Amino acid sequence: MALVVLAVLATALLTLAFIVTAVVALVHSSRTRPANVPSEVRAAALRHGIITPLAATALAVPAMIAVSAYSPGSLAGWGAVPGLGLTLAPAIGGLIWVGVHAVGERTWPRPSGAVRTASLRPRNRGRLLKTKPIALAALLIVHAVTLPVYAATASGDGRQVQRVTSTADGTFLTNITGPYPGPPYVVALSIAIVLLLVSGALVIGRTVGHRPAVPGLNDQDDELLRTMSVQRVTGGVQLALGATALGVNGFAANALHGAGYAVASGAALAAAFTGVVAMVLAAVSIASAAQGLRRSATPGARTTQPITVAR
């Protein structure tokens, strides 16, 4: 018993350390005031762009671990819903990821100096999404098809699936297997997915697209920062939805296989594999966003000359 208490305390302290470190790193990055020189501003923006996803990860992972243990004894008349927290953990982690990036967009380092620059070039927010979100769209289709099917085919308690067969002598056999993502899981998960999509769209469309330009950066680098932010936000949303698809469809496939629905189990496994592919693509997208500014053109290359005004 003492070992269990010590393990819980150690986990809580480690989680608190992660959270404090993430917050301190993000605040310190936002308060750092580089010299009003393009190379210095660019380097500070790059550091901030790397610290933001690290802070998001440091906050999201402990939250997901904590939420995974949540299993309500009753929910909206369905009775006990074991594993509900584990089902919602990826979506909650995605919401935290999006929220931290929204804060990061409001806290870009402001350079010191006697002057500031502002570009007269019109901003085109339509160019921020460089690639079509095909994997994200595929995930949404998978969720839109599978979740209603699971809700409709679950047994009375909403946590199992059953199959009734008859033998040669006319005896009916009922095979019930679980866990199965029935109505209580589908309803809660649908709400979480909608919240995740809406929050991601708002951060991309409003926070990233409308925020003031980072002072001291040329047009190309400022647009690249926005593109990197969009790439990380969409990547985080896709990662959360992919993990959700893997977990939900994996459990469904196992239950359907146990009940004897071979074809349906295979379809659920295919849906789970879609989640795996989407997660890999999202991780690659997030990682490549971290390298975007390093590969950009030199700070002095400008296609549009800024206007310089007194501070």
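In table form, for the structure just shown:
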item: Criterion (at pLDDT below 90, in a helix (DSSP H, G or I) and of a type outside the set (S, T, N, Q)) met by exactly one of L202, L224, L246; result: L224
item: Matching residues in segment 188-203 - criterion: being within 13 Å of W97 (Cα to Cα), touching a Leu at 6+ places or on another chain (Cβ under 9 Å), open to solvent by less than 40 Å² (accessible area, probe 1.4 Å) and of a type outside the set (G, A, S); result: L196
item: Unmet requirement for S296, which otherwise passes all of (1) at pLDDT 90 or above; (2) open to solvent by less than 40 Å² (accessible area, probe 1.4 Å); result: (1)
item: Filtered residues of segment 110-156 (kept if in a helix (DSSP H, G or I) and at pLDDT below 70); result: R125, G126, R127
item: Tally of residues being charged (D, E, K, R), touching a residue at least 60 places away in the same chain (Cβ under 8 Å) and under 16 Å from G104 (Cβ atoms) across segment 189-220; result: 1
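For every residue, the table says whether it meets (1) outside any helix (DSSP H, G or I); (2) touching a Ser or Thr at 6+ places or on another chain (Cβ under 6 Å); (3) of a type in the set (A, V, I, L, M, F, W, C); (4) open to solvent by 40 Å² or more (accessible area, probe 1.4 Å).
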residue: A240; (1), (2), (3), (4): no, no, yes, no
residue: F251; (1), (2), (3), (4): no, no, yes, yes
residue: A271; (1), (2), (3), (4): no, yes, yes, no
residue: M279; (1), (2), (3), (4): no, no, yes, yes
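The values are calculated or read from the model by the stated rules, or taken from the named source; none is laboratory data. What you are looking at is a predicted structure, and each value in this text was computed from that prediction instead of being measured. Every residue, glycine as well, gets a Cβ built from its backbone with ideal geometry; the counts of neighbours run over all protein chains shown. Ligands, DNA and RNA are stripped out before the accessible areas are found, and what is left, the full protein with its side chains, is counted by its heavy atoms. Shrake-Rupley method; radii C 1.70, N 1.55, O 1.52, S 1.80 Å.
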